[in-house]
Every structure is written in C-alpha cells, then in structure tokens.
Amino acid sequence: MIGQVISHYKIIEKLGEGGMGIVYKAHDTKLDRTVALKFLPPHLTKSEEDKQRFIREAKAAAALNHPHICTIHNVDEHNGNQFIVMEYVEGETLRQRSGLSAEALAKAEVRRQRSGKPQPETSLSAGFLAENLELGTVIDYALQIAEALQQAHKKDIVHRDIKPENIMITEDNRIKVMDFGLAKLKGDKNLTKSGSTVGTMSYMSPEQIQGQDVDHRSDIFSFGVVLYEMLTGQTPFRGEHEAAMMYSIVNEEPQPVSKFIPDASSQLEYFLERTLEKDPADRYQSMEDLLSDLKRLKRKSSKKQKVMVGADVPDNTPETGDDQKRRPLSRASMISISIAALVVIVGVASYLLFFIPGTPEYTERVLVVPFENRTGDSSLDPVGRT
C-alpha cells in the first residue's frame, strides 16, 4: 500500500502490525498534515451490527481531549475495510523505550552470566530497573497513563488493551495512550462474538480473560501489569502456553516486587497488590483513588531520594547496623537534638552558679553615711545629735 492514495490520505510507510490491525503513516492531502491510519482486521467489523457499534465507540473516543491521549480525527472505509485516522505521534513505544522485550532481558542475562560473579536470584530484574528506567521516571510515566485512563473513564470508555505497545513516549518525554478507537463504551457487550476477548492476554484482567463483561476496573488491573513490568522487567503472570497464562492470571499471585527491588517501600508493595487483585471489588474502585495513592507514593519517593543524597548506603542492598549509622539525620531529628543540647547547657550553667560551694552569693546590703543639715532648720537635725 506504500505510495497509494486512500480517500485523501497518501500512505508513506508502515508503522506496525498486530492482532488488532495494521498501522500506516500517511499524509492528509486536504489538511496538509501527517496522520496515522489504522486498518482493522475483518473480525472486528464482520457484521453490520459490529460496524455500527465500532463507529459509535470510535466517535465516543474521538470526543476525548487530553494531552496524554492520542487524538482520533476520523473513521472511514476503503474497499469495505474500516480504518481509523489518528494523530501521528513522533516518538517510541514504552516497549521500545524501556527495553521491555525478550531480547533485552536475554542480553542482560548473558551479561550476568559472563560476569562470573555469584548474584542473588533478583539481580537481573533489580539491575534492569537501574539500567533502563529510574524509579522516578517509572512513577512519572504511571501518573500520565493513569490520568489518561481517568479522563476516558469519566466518559464511560474502557480501553481494554493497555500494554507497552499502546503507550507512546514523545520526543519531549510525554506519554500518549493509543488505540482508544478500539475502546468499549460502558454497558456495551464485547465488540466480537459473545464469550470472545479483545486485548493482549498477558495484560488482561481475570474477568476479561474469562470472556465476562468488563468495566473500568479491568483497565486498572492492566495498568498494574504494565507498572509491575516497568519495575521488574517481567509481567506478573506468566506461562509457557496460552492455557498456563490464563491459569496464572486467574489463580496465581504475582511475586512481591520486593523480590526484584530489595529496597521497595511497603507503600509501593501495597499499591501494586491492590491494582492486581483478582476480584474487581477488591481493587481500586476508580482512577481517582488510584491517582491519589500514586501521587502520595511519588512524594514519598522524592523525599527519600533527597535524604539519601551523599549517603554511603547502596540503594539496592539491605542496610546493616553500620549503614544505618551513616544515614543522614532528618531535619526534625537534628532540631530535636539541638534543643536537647541547649537544655543541658542551661541546666549545667545554672548548677554551677547557684549550687557549687565557693561560688559568690548575692545578698542585700545597706550603706550608712554621715548626715549633715545645712538648711538652717534645726528641726531637721539628726535625732540624738547636739
């Protein structure tokens, strides 16, 4: 299709392909701008009913206006094939930026083996976070993704396919969540036949993978999977084949993130556990609540990093007694110590002045001097003086 003109869009190059369609970079000859065209696979618009539902949901997604959501310009058709006209985002996917790929992890494992040094089981993933994404960057990305989903959920739109491939990072390091054109309106059934699923299996919620109707809490689960992967370099649920993967998502608990990041805070552990709850009723019930905890986590992480500046304690090793002695004191602790020292100094000074023998005692004294009457009035003469 390269070089062809479809409607008023000239195809420039192919950007990617997956189970949900093929994406091309194109030039809009009417408005003289670069756009992305996503041609849908036949199974998504197989019947007239499916087409109408798709158009309705795409229109709803097109109404989303948010800096972290890829804008949908139009929905069109060519030779019976539906396609979505989207904003063209210059940048790379979260998958590309973070190196969240089998190849990247395999290379990291090879480097570890070649080093010849005995390392704990968690060294690969802990090193992965340090080498590819810093904790502050991960939380910043997570905040932007959550804000995009919050905006969609307010419009009763469920994304259903949150994964690193559908999250773009622009050249100025801003997040753009893609593929809202394939999202689902609240209350509608699945876009495909009853019992089928839409999405990528390793990022699906338990209710989605079982073909049940889903709501915004399914996006919360998928968001948790992406965050877990950004932190550890692997998805929380794994299996060698499709059935094993499905069983893991529905029945198994993920390994605690502290096994991969030794100094992970209890707040981070709790946050991930709550986003990845099997039962939707046990998860965060809204992106507002999730964002509130995520922002609190960001503030605490920033404070911890500031306190650790100049410290000798390695970030990725447990602290010993000597390590704790070298940790810089907080400002509140320093103030408390200063006040206590001042009280001790004042007490010692008071003791030296008033209680130690030999120190000068201060008493009242009366000075008596001779009196002479020079007024000429004898009544003012001193008594007893002649």
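The values are calculated or read from the model by the stated rules, or taken from the named source; none is laboratory data. Given the structure is predicted, the values throughout are model-derived calculations rather than measurements. All Cβ positions, glycine included, derive from the backbone under ideal geometry; neighbour counts span all protein chains shown. These area figures cover heavy atoms from the full protein model, side chains too; ligands, DNA and RNA do not enter into them. Shrake-Rupley method; radii C 1.70, N 1.55, O 1.52, S 1.80 Å.
Pairs are defined by a Cβ separation below 9 Å, a sequence spacing of at least 6 or placement on different chains, a first member in the range 159-186 that is under 15 Å from residue 66 (Cα atoms) and at pLDDT 90 or above, and a second member that is acidic (Asp, Glu) and part of a loop (DSSP other than H, G, I, E, B); the pairs so defined are 159/179; 168/90; 170/90.
Taking the criterion of being modelled with pLDDT of 95 or more, open to solvent by 20 Å² or more (accessible area, probe 1.4 Å) and hydroxyl-bearing (Ser, Thr, Tyr), no residue of the range 201-226 qualifies. If you go through the range 278-325 and keep only what is among the acidic types (Asp, Glu), in contact with a helix residue (DSSP H, G or I) (Cβ under 6 Å, 6 or more places away or on another chain) and modelled with pLDDT of 60 or more, you end up with just 293.
Tallying residues that are outside any loop (DSSP other than H, G, I, E, B) and closer than 22 Å to residue 213 by Cβ within the range 152-176 yields 6.
Checking each residue in the range 9-29 for being open to solvent by 30 Å² or more (accessible area, probe 1.4 Å), touching a residue at least 12 places away in the same chain (Cβ under 8 Å) and over 13 Å from residue 83 (Cα atoms) picks out 10, 12, 13, 14, 15, 18, 19, 27, 29. Among the residues of the range 255-276, those that are assigned to a loop (DSSP other than H, G, I, E, B) and modelled with pLDDT under 95 comprise 255, 256, 260, 261, 262, 263, 264, 265. Residues of the range 143-166 that are of a type in the set (A, V, I, L, M) and surrounded by fewer than 20 Cβ atoms within 10 Å (Cβ to Cβ): 143 alone. Inclusion of residue 116 among residues that are modelled with pLDDT under 55, on the phi > 0 side of the Ramachandran plot, surrounded by fewer than 17 Cβ atoms within 10 Å (Cβ to Cβ) and not β-branched (Val, Ile, Thr) is warranted.
Comparison of 255, 234 shows that the only residue that is open to solvent by 40 Å² or more (accessible area, probe 1.4 Å), touching a residue at least 12 places away in the same chain (Cβ under 8 Å) and over 24 Å from residue 158 (Cβ atoms) is 255.
Output yes when any residue across the range 127-146 is within 17 Å of residue 86 (Cα to Cα), modelled with pLDDT of 90 or more and not β-branched (Val, Ile, Thr), and no when none is. Checked against the condition, which is being within 17 Å of residue 86 (Cα to Cα), modelled with pLDDT of 90 or more and not β-branched (Val, Ile, Thr), the range 127-146 yields no hits at all. Per the conditions (1) crowded, with 23+ Cβ neighbours inside 10 Å; (2) within 15 Å of the chain's Cα centre (by Cα); (3) of a type in the set (Asp, Glu), the sole criterion not satisfied by residue 140 is (1). Counting only residues that are exposed (fewer than 14 other Cβ atoms within 10 Å of the Cβ) and either of a type in the set (Ser, Thr, Tyr) or in contact with a Pro (Cβ under 8 Å, 6 or more places away or on another chain) (or both), the range 41-66 holds 1 of them. Residues in the range 177-186 that are over 18 Å from residue 290 (Cβ atoms) and either in a strand (DSSP E or B) or aliphatic (A, V, I, L, M) (or both): 178, 182, 183, 184, 185.
Inspect all residues belonging to the range 71-79 and state whether any of them is under 18 Å from residue 5 (Cα atoms), surrounded by 20 or more Cβ atoms within 10 Å (Cβ to Cβ) and polar (S, T, N, Q). Scanning the range 71-79 turns up no residue that is under 18 Å from residue 5 (Cα atoms), surrounded by 20 or more Cβ atoms within 10 Å (Cβ to Cβ) and polar (S, T, N, Q).
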